[in-house]
Amino acid sequence: MARNSVDKSVLEDNKIEDGFYLLKYHNEEDHEIEVSRNVDKSFLQLHFCIKNMAKLKFNGGHYALDLPENKSYLLYNPEQDLPLHLSMNPGSKVISLLIRIEKFHTFFTQEAGLIHFLSGENKSKKCYRDKELNPNEMMVLNQIFHYGLHSSLEKLYSRGKVYELISLYFHKSDNDGVQNCPFLEDEANVEKIQKAKQIIIESMTEPPSLTQLAHQINLPLQHLKDGFKHIYGETVFAYLLNYKMEYARKLLTTRKYNITEVSFEVGYSTPSHFIAAFKKKFGATPKRYMSSL
């Protein structure tokens, strides 16, 4: 895969099954980056932006589609290759699925009539679809992006979540998948929950209390708790802990910081507390994790 080599960016290209790939891109630089990958015409593409903004570029950059936060694109053209070329703003996060069309058909063998480009005369035609993501889809996308399981379980977890995402994406409902959480039908409330997530990440060493956080985003405390768990799949502080542990793991991987420095960087006053939390999360102490690299 051709891409920029940048230390602060997460660029993963994982094979879920034959003809089925999960790509995760995160630009942690302070400037725009370009990433690319060859994709031939036998693949259907699904692109999801879960943070900030990116662009999908085609024809050598002469044509581009904006891919803002909470939006997705489905692309398929059996007549020509569509190489993946992403231009990513600082802080942007994108998940892409590449599925060989024959593989994709097996997902919907009995339900092909429900999906217009799988039915009869449409099987060999190109398809384009843009779609706003609902809270259920965003929740699964964030779970895919932020899982912190042991490496032996990552593939199994990713596979399950990717199939869940596909099910949600093609599910048709009068309420578009949010009937179980009427509070989140209000787009302004969803934006407030997303703001809460950003606040705790930016202040992870000294995060506000839940009451303070609810006040900052101007939401009732219970709405904050319920909304956050619905979108991100876990409580506010469980999400923050997972984020801190994953951030610590990345710092340790660079070998530029010792364990004490990393513990202070993620907000622990004593290294022993950090070591205990890290071991609980990853099944190994930071020292053992570093020695295994």
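Starting from 0.36 nm per residue, how many nanometres of slack lie between Ser292 and Gln216 once their C-alpha separation is accounted for?
Values: separation 76, 0.36 × 76 = 27.36 nm, distance 4.17 nm.
That works out to 23.2 nm of additional length.
Mind checking Rg over Rh on segment 238-292, alpha carbons, Kirkwood formula for Rh? Walk me through the intermediate numbers first.
Working: Rg = 9.8 Å, Rh = 10.8 Å.
With Rg and the Kirkwood Rh in hand, the quotient comes to 0.91.
Compute the distance in nm between two label points, each set 7 Å from the Cα along the Cα-to-Cβ direction, one at Ser209 and one at Tyr63.
The two pseudo-label positions are separated by 5.6 nm.
What is the percent of Cα-Cα separations in segment 184-293 that go past 19 Å? Write out the running numbers ahead of the final one.
Working: 2873 of 5995 pairs.
Above the 19 Å cut-off, segment 184-293 has 48 percent of its Cα pairs.
Given segment 182-233, report the % of alpha carbon pairs whose separation exceeds 13 Å.
On the way: 696 of 1326 pairs.
Everything past 13 Å amounts to 52 percent.
From the phi angles alone, apply the Karplus equation (6.51, -1.76, 1.60; θ = phi - 60°) to segment 84-89 and give each ³J(HN,Hα) in whole Hz, x where the residue is Gly or Pro.
7, 9, 10, 10, 10, 5
At R0 = 22 Å, how high is the FRET efficiency between Ser42 and Glu154 if r is their beta carbon distance? Nearest 0.05 is fine.
On the way: r = 26 Å, r/R0 = 1.20.
For R0 = 22 Å, the calculated efficiency reads 0.25.
Under 5 Å between amide hydrogens, which residues at least 5 positions from Lys71 or on another chain qualify, with H placed 1.01 Å from N in the peptide plane?
Cys49, Leu133
Return the sequence-ordered ³J(HN,Hα) values of segment 270-279 in whole Hz as given by the Karplus equation 6.51 cos²θ - 1.76 cosθ + 1.60 applied to θ = phi - 60°, using x for Gly and Pro.
Per-residue couplings from phi come out as 10, x, 4, 5, 5, 4, 5, 5, 5, 5 Hz.
Testing the spin-label approximation: label points 7 Å from Cα along Cα→Cβ at Asp81 and Glu102. State their distance in nm.
It is 1.9 nm.
Stretch Glu32-Glu265 to full length: gain in nm at 0.36 nm per residue minus the Cα-Cα span? Write out the running numbers ahead of the final one.
Details: separation 233, 0.36 × 233 = 83.88 nm, distance 2.55 nm.
So the chain would gain 81.3 nm between Glu32 and Glu265.
Could you rank the peptides 193-201, 277-285 by their average count of other C-beta atoms within 10 Å per residue, with the highest value first? Intermediate values should be presented prior to the final figure.
On the way: 193-201: 18.3, 277-285: 16.3.
Those peptides, ordered most packed to least, come out 193-201, 277-285.
Each reported figure results from applying straightforward, stated rules to the coordinates on display, with no laboratory input. Remember, it's a predicted structure, so these values are computed and weren't measured experimentally. Heads up, the Cβs are rebuilt from the backbone with ideal geometry, glycines too, and the neighbour counts pull from every protein chain shown.
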